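The values are calculated or read from the model by the stated rules, or taken from the named source; none is laboratory data. Everything numeric in this text was worked out from a predicted model, so none of it was measured. A quick note on method: Cβ atoms are made from the backbone with ideal geometry, for glycine too, and the neighbour counts reach across all protein chains shown.
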Amino acid sequence: MTPPVSQVSRSRKTRLRFLRRLLILTVFLVLAGVAIGQFTELKRVATAILASTAVLAAIVGFASQHTIANVVAGVMLAVSQPFRIGDRISFEEVEGRVVDITLSYTYVSPGDGTSVVIPNQMLVEGIVHNLSTADTEA
């Protein structure tokens, strides 16, 4: 029997939230690929589109390298977990509680009713102080 949501550890909650988002993205990409693969009558056009798509992918990849770096950093944060949802962290001038960790951004609440959005790439490249290390088993 699965424990109630309130008893799920923060570590597991962080991983499950990340995996859910990654699964949704994967399903979307697979379904898009299947839908595109249904157009067999247009082989000549599809070949030209595929060739131009490769060039377009290279251009988009180069232009969005910071976004891709944020996604890779999000995966690194989910795997290594230097901090988890609910931990208090300090990063540069920001100190607060981690509210959410997405593929691209980490959301921190300083406790004054605002939210600070930090790109994951900055967190991976910078120094993060986890102020919640005393309660790591929670």
Here's a check for you: in segment 89-127, which residue that is free of Cβ contacts under 8 Å to residues at least 40 places away in the same chain and touching a Leu at 6+ places or on another chain (Cβ under 9 Å) is surrounded by the most Cβ atoms within 10 Å (Cβ to Cβ)?
THR106
Only one of these conditions is not met by VAL79: (1) exposed (fewer than 14 other Cβ atoms within 10 Å of the Cβ); (2) more than 15 Å from THR14 (Cβ to Cβ); (3) not polar (S, T, N, Q). Which number is it?
(2)
What number goes with the only condition from (1) of a type in the set (D, E, K, R); (2) at pLDDT 85 or above; (3) closer than 21 Å to LEU16 by Cα; (4) surrounded by fewer than 15 Cβ atoms within 10 Å (Cβ to Cβ) that GLU137 does not pass?
(2)
Give segment 72-125 a look and list any residue that's part of a helix (DSSP H, G or I) and either modelled with pLDDT under 90 or among the hydrophobic types (A, V, I, L, M, F, W, C) (or both), or say none.
VAL72, ALA73, GLY74, VAL75, MET76, LEU77, ALA78, VAL79, SER80, MET122, LEU123, VAL124
Condition (residue is modelled with pLDDT of 85 or more and assigned to a helix (DSSP H, G or I)) applied to segment 27-42: is it met by at least one residue?
yes
Single residue of VAL128, VAL94, VAL98 found to be within 23 Å of ARG12 (Cβ to Cβ) and either among the hydroxyl-bearing types (Ser, Thr, Tyr) or in contact with a Pro (Cβ under 8 Å, 6 or more places away or on another chain) (or both):
VAL128
Subset of segment 1-26 (residues that are at pLDDT below 70 and of a type outside the set (Val, Ile, Thr)):
MET1, PRO3, PRO4, SER6, GLN7
